[in-house]
1. Does PHE32 count as surrounded by 17 or more Cβ atoms within 10 Å (Cβ to Cβ), of a type outside the set (S, T, N, Q), in contact (Cβ under 8 Å) with a residue 12 or more places away in the chain and under 24 Å from ARG182 (Cα atoms)?
2. Residue pairs, Cβ under 6 Å, 6 or more apart or interchain, first in region 211-225 and closer than 21 Å to ASP94 by Cβ and among the hydrophobic types (A, V, I, L, M, F, W, C), second part of a loop (DSSP other than H, G, I, E, B) and modelled with pLDDT of 85 or more. List them.
3. Scan region 128-165 for residues that are over 30 Å from MET215 (Cβ atoms) and out of contact with any Phe, Trp or Tyr (no Cβ under 6 Å at 6 or more places or on another chain) and report the count.
4. Answer yes or no as to whether THR51 is out of contact with any Pro (no Cβ under 8 Å at 6 or more places or on another chain), in a loop (DSSP other than H, G, I, E, B) and either surrounded by 20 or more Cβ atoms within 10 Å (Cβ to Cβ) or at pLDDT 95 or above (or both).
5. Which of (1) of a type outside the set (D, E, K, R); (2) without any contact (Cβ under 8 Å) to a residue 60 or more places away in the chain; (3) touching a Ser or Thr at 6+ places or on another chain (Cβ under 8 Å) does ASN52 not meet, given it meets every other one?
Amino acid sequence: MAKSSTDTQTTPQRQRSLATHQRLLMAAMREFAQYGYDGARVDRICKSAKTNIRMLYHYFGGKEPLYLEVLEETYRGIRNLEQRLEVAKLPPEDGIRELISMTFDHLTKDPYFVRLMMNENLMMARIARKSKIIQELTGPLMTALAQMLKEGQRTGIFRREISPPDLYITILGQCFVHVSNRYTLSHMLGIDLTEAEWLRQRKITVTDLIMTYLMSDKPSQLPISTV
């Protein structure tokens, strides 16, 4: 069926609108990551996005809604990567290893994720708490972790004291600290935490640490988790 003249006229306009929206979102992500919420300026965001303040308010409604959308897009990015792995379809040990690997690589390579999370935590998640989708986005990950832990515990390869949130916090923490503290640790220890070979070895260490604990048969002081 042939397109109507209205469709023909609106499609280029819609494409331009989507492009402007995306430019503003990416410019805001850079600005908020570099300066934090309070230090970020909407005029710099508009200049970087090659548009004007009127368009920023048209698409986002203001600085705070724009910042919240940046946070949600940041979470959406890592959640999409996790879902593409389909880790729950793998043997439990392989699935956990894949999740660790992806998380380590994403946090190491993404220029904004760690900074945005650190800035928002300094504000005690004041704006993130207003999101209606951040918890929803995390649901599939918790379900996949629960499935892998349950299967691994059923077959006797995983310890029974760890819950899905505990495991994810452990993974995130081990994959986070070398990025969040890379400059001070590099200076303090006299090593370059951005060097490719160091990162390769660190990734192995992180994976071994988590998997060794998860698969250990040594008793824990924690109660058995009901996954």
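1. yes
2. Once the first residue is closer than 21 Å to ASP94 by Cβ and among the hydrophobic types (A, V, I, L, M, F, W, C) and sits in region 211-225, its partners that are part of a loop (DSSP other than H, G, I, E, B) and modelled with pLDDT of 85 or more give LEU214/PHE158; MET215/ILE157.
3. Summing the residues that are over 30 Å from MET215 (Cβ atoms) and out of contact with any Phe, Trp or Tyr (no Cβ under 6 Å at 6 or more places or on another chain) in region 128-165 gives 7.
4. Criteria met by THR51.
5. It fails just one condition, (3).
The values are calculated or read from the model by the stated rules, or taken from the named source; none is laboratory data. Given the structure is predicted, the values throughout are model-derived calculations rather than measurements. When we count neighbours, we look across all protein chains shown, and the Cβ atoms used for this are built from the backbone with ideal geometry, even at glycine.
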